[in-house]
Number of protein chains: 2
Amino acid sequence: MTNGLVVALSGGIGGAKLALGLSRVLPPEEPPLIVANTGDDFEHLGLSISPDLDTLMYTLAGLDNQVFGWGRRDETWSFMETLSQLGGEDWFRLGDRDLAVHLERTRRLRDGQTLSAVTADFARRLGVAPRLLPMSDDPVRTRVLTDSGWIDFQEYFVHQQCRPVVRELAFEGAAAARAHPDFLGALADERLRAVVICPSNPFISVDPILAVPGVRAAFAACRAPIVAVSPIIGGKAVKGPTAKIMGEFGLDPSVSEVARHYGDLLDGLVIDHADASVADALGVRTAVAQTLMTTLADREALARGVLGFADGIGRT
Amino acid sequence: MTNGLVVALSGGIGGAKLALGLSRVLPPEEPPLIVANTGDDFEHLGLSISPDLDTLMYTLAGLDNQVFGWGRRDETWSFMETLSQLGGEDWFRLGDRDLAVHLERTRRLRDGQTLSAVTADFARRLGVAPRLLPMSDDPVRTRVLTDSGWIDFQEYFVHQQCRPVVRELAFEGAAAARAHPDFLGALADERLRAVVICPSNPFISVDPILAVPGVRAAFAACRAPIVAVSPIIGGKAVKGPTAKIMGEFGLDPSVSEVARHYGDLLDGLVIDHADASVADALGVRTAVAQTLMTTLADREALARGVLGFADGIGRT
């Protein structure tokens with residue numbers, strides 16, 4: 001089958017590239033459902049900030065800042081400049097346009113709206129075609145155990161620039177969180193074509209989604225193929241601390257460890273040409289593709305490759 | 001005497017002009033204490049906004065936007081533009097730089113700091129020489145009775161652009177508010193030279209200050225002269241709804257009514273040349289001056305005139 005619903009799980013930047021590719025190659029009448037990690041959401045300066053949701057939203061709306069690789073394009077920085085001058089906390093860079101998203105989201109959440117409702121409305125107003133969904137409307141907060149104790153994820157990721165050695169990760173709130181019903185509904189949908197795990201960090205972007213009760217069971221019950229794209233290429237992560245964290249966990253930063261990490265969850269793994277030689281030893285069906293997405297054409301080509309691979313596996 | 005402490009009471013724009021004049025003509029070692037109305041403070045988009053304090057702060061720091069007459073100079077509007085796009089409330093215009101003040105103030109107030117402490121720190125960082133003090137650290141909120149019921153002051157002033165007929169004004173919280181101890185302390189100070197009521201709206205900018213318990217008594221006990229500058233010139237207000245409100249209260253928008261409104265509180269009233277003919281009929285000592293402040297020289301000249309007038313009255 002070459003139609004039906006595609007569900008994509010994604011963290012931030014790398015995942016968003018494939019999510020964009022999927023949204024462009026799928027027919028407009030069957031846009032993908034993009035499920036975002038909210039484990040790296042946090043409260044900062046009194047604002048509710050959802051970095052992965054926003055990276056996805058900006059990327060899918062064509063508003064992403066391609067110079068920085070994060071935040072919005074056509075951004076201005078007057079707020080941040082003044083905040084620094086006033087002695088405010090300025091380690092998390094908030095552009096003036098980006099800030100409007102956080103402030104309005106915070107206001108609506110305080111008003112009692114759900115994160116998914118706010119996200120849907122923002123996405124519609126910014127012209128995002130695919131449906132963008134937080135994994136849960138309940139708060140899940142990734143925490144990082146360092147040699148100085150447990151710290152918040154953004155404290156680790158942005159403030160301390162991933163310098164601390166990661167001993168352990170925890171997803172606070174995950175056990176009590178309810179997966180978004182539309183996420184579970186899509187996984188049970190008869191029309192489900194494929195589940196795509198985007199090339200996001202398995203430990204900090206995908207594991208929080210899998211930690212929400214019911215998600216692993218829904219994956220196990222799901223009749224459509226579940227395929228992941230490895231975020232590790234030739235022993236390195238394209239961006240971010242994936243390889244560093246794997247090393248700190250005593251794991252080889254390799255596609256083999258990515259395959260082992262996801263284990264039975266997967267029906268297939270897409271790896272890069274750089275890793276083609278180990279394809280047969282991964283214990284999972286593999287497809288080899290160019291997984292580094294530099295251009296828009298790369299994103300679309302990988303999306304087509306992933307979908308073709310999933311369609312070839314078919315329902316199980 | 002020509003030295004000692006000068007205390008100035010001020011609302012927003014008109015008052016801030018004279019406050020700036022005072023701060024420039026007084027010796028740097030004896031800066032004025034500027035006491036700001038906080039009755040038009042409000043909570044908006046989850047932010048604690050103090051319009052009069054901020055107008056004073058920007059004006060005294062030389063950061064005021066002289067094109068708009070409110071807000072900051074060198075302002076950008078990316079936040080507001082995006083907020084509108086997201087369907088947020090955009091009737092109260094918040095520039096990107098201005099926003100940093102509100103957000104950081106809100107964060108610090110939630111942290112348990114007082115409004116006066118936050119104001120003092122911001123003023124220091126922005127290079128404001130005079131001491132800038134809210135009348136109280138406790139919330140006072142001006143409310144406006146219209147034919148459609150009671151509404152918040154900024155709803156009346158900005159959102160409805162002063163269109164509703166004002167039936168009554170109330171200063172919610174004033175009866176329970178404590179005047180800032182440094183304000184009362186200054187009024188009782190042996191070294192007090194003069195109290196200047198700036199040409200702000202008597203009903204909406206000065207009355208909230210006078211409504212705080214202890215302020216009128218401190219004025220009555222105060223041995224230094226208390227002089228006001230009339231915000232009404234030739235039957236008109238320079239800016240804002242002063243004349244309109246006076247008319248709605250059944251009062252002639254005239255210096256006579258300004259004199260009557262302040263009554264015994266004053267030792268002297270400074271009026272404009274346009275009103276010189278009624279000077280003798282006001283029942284209070286008057287000085288005639290150019291009270292319209294267009295240039296910086298005008299602000300300084302009026303400040304000198306007011307201080308000279310007060311010094312001439314002397315302690316009573």
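The values are calculated or read from the model by the stated rules, or taken from the named source; none is laboratory data. As the structure is a prediction and not an experimental result, all values here were calculated from the model. Cβ placement follows ideal geometry from the backbone for every residue including glycine, while neighbour counts extend to all protein chains displayed.
Of (1) crowded, with 18+ Cβ neighbours inside 10 Å; (2) under 30 Å from A:Val25 (Cβ atoms); (3) in contact (Cβ under 8 Å) with a residue 40 or more places away in the chain, A:Gly127 satisfies all except one. Which? If we test A:Gly127 against (1) crowded, with 18+ Cβ neighbours inside 10 Å; (2) under 30 Å from A:Val25 (Cβ atoms); (3) in contact (Cβ under 8 Å) with a residue 40 or more places away in the chain, just (1) comes out false. Does the stretch B:129-141 include one or more residues that are in a loop (DSSP other than H, G, I, E, B), among the charged types (D, E, K, R) and at pLDDT 95 or above? Among the residues of the stretch B:129-141, at least one is in a loop (DSSP other than H, G, I, E, B), among the charged types (D, E, K, R) and at pLDDT 95 or above, which makes the answer yes.
Restricting attention to the stretch B:30-52, the residues being in contact with a Phe, Trp or Tyr (Cβ under 9 Å, 6 or more places away or on another chain), closer than 14 Å to B:Ser116 by Cα and among the aliphatic types (A, V, I, L, M) number 3. Of all the residues in the stretch A:107-122, those that are polar (S, T, N, Q) and buried (at least 20 other Cβ atoms within 10 Å of the Cβ) number 2.
Residue-level check: of (1) crowded, with 23+ Cβ neighbours inside 10 Å; (2) farther than 21 Å from A:Pro225 by Cα; (3) of a type in the set (Gly, Ala, Ser), A:Gly62 misses just (1).
The residues of the stretch A:126-148 that are within 14 Å of another protein chain (Cβ to nearest Cβ) and either within 19 Å of the chain's Cα centre (by Cα) or within 16 Å of A:Leu47 (Cα to Cα) (or both) amount to a single one, A:Val128. Counting residues in the stretch A:15-31 that are farther than 18 Å from A:Lys239 by Cα, free of Cβ contacts under 8 Å to residues at least 12 places away in the same chain, acidic (Asp, Glu) and within 14 Å of another protein chain (Cβ to nearest Cβ) gives zero.
Taking the stated definitions as given, is B:Val284 in contact with a Gly (Cβ under 7 Å, 6 or more places away or on another chain) and surrounded by fewer than 21 Cβ atoms within 10 Å (Cβ to Cβ)? Don't jump to the end; show me each part of the working.
Working: in contact with a Gly (Cβ under 7 Å, 6 or more places away or on another chain): yes; surrounded by fewer than 21 Cβ atoms within 10 Å (Cβ to Cβ): yes.
Yes: the conditions hold for B:Val284.
Restricting the stretch A:16-30 to residues that are buried (at least 18 other Cβ atoms within 10 Å of the Cβ) and either hydroxyl-bearing (Ser, Thr, Tyr) or not in a helix (DSSP H, G or I) (or both), the residue that is farthest from the chain's Cα centre (by Cα) is A:Leu26.
Out of all the residues in the stretch A:153-163, which are buried (at least 17 other Cβ atoms within 10 Å of the Cβ) and either farther than 23 Å from A:Thr114 by Cα or touching a Leu at 6+ places or on another chain (Cβ under 7 Å) (or both)?
Taking the stretch A:153-163 as the starting set, the residues that turn out to be buried (at least 17 other Cβ atoms within 10 Å of the Cβ) are A:153-158.
The answer is A:Glu155, A:Tyr156, A:Phe157, A:Val158.
In the set (1) surrounded by fewer than 17 Cβ atoms within 10 Å (Cβ to Cβ); (2) modelled with pLDDT under 95, the condition left unmet by A:Gly87 is number (2). Taken over the stretch A:47-64, residues that are over 13 Å from A:Pro130 (Cβ atoms) and aliphatic (A, V, I, L, M) amount to 3. Might you check whether a residue that is among the charged types (D, E, K, R) and surrounded by fewer than 21 Cβ atoms within 10 Å (Cβ to Cβ) occurs anywhere in the stretch B:94-106? Looking through the stretch B:94-106, none of the residues is among the charged types (D, E, K, R) and surrounded by fewer than 21 Cβ atoms within 10 Å (Cβ to Cβ).
Mind checking which residues of the stretch A:67-107 are of a type in the set (D, E, K, R) and under 25 Å from B:Val128 (Cβ atoms)? Step through it out loud before you land on a result.
Within the stretch A:67-107, the first condition is being of a type in the set (D, E, K, R), and the residues that meet it are A:72-75, A:81, A:89-90, A:93, A:96-98, A:104-105, A:107.
Hits for the stretch A:67-107 are A:Glu81, A:Glu89, A:Asp90, A:Asp96.
Rundown of residues vs (1) in contact with a Ser or Thr (Cβ under 8 Å, 6 or more places away or on another chain); (2) at pLDDT below 95, yes/no style:
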| residue | (1), (2) |
| --- | --- |
| A:Pro208 | yes, no |
| A:Ala211 | no, no |
| A:Gly214 | no, no |
| A:Val229 | yes, no |
| A:Lys236 | no, yes |
| A:Lys244 | no, yes |
| A:Asp275 | yes, no |
| A:Ala281 | yes, yes |
| A:Gly314 | no, yes |
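The criterion of at least 2 residues that are on the phi < 0 side of the Ramachandran plot and crowded, with 23+ Cβ neighbours inside 10 Å is met by the following strands (runs of 3 or more DSSP E) wholly inside the stretch B:167-271: B:192-197, B:226-229.
Considering only residues in the stretch B:83-125 that are in a loop (DSSP other than H, G, I, E, B) and of a type in the set (A, V, I, L, M), the one that is nearest to the other protein chains (Cβ to nearest Cβ) turns out to be B:Leu86.
Each row is one residue, and each column tells you yes or no for (1) within 14 Å of chain A (Cβ to nearest Cβ); (2) under 16 Å from the mean Cα position of the chain (by Cα).
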position	(1), (2)
B:Pro51	no, yes
B:Asp54	yes, yes
B:Met57	yes, yes
B:Val67	no, no
B:Gly71	yes, yes
B:Asp74	yes, no
B:Trp77	yes, no
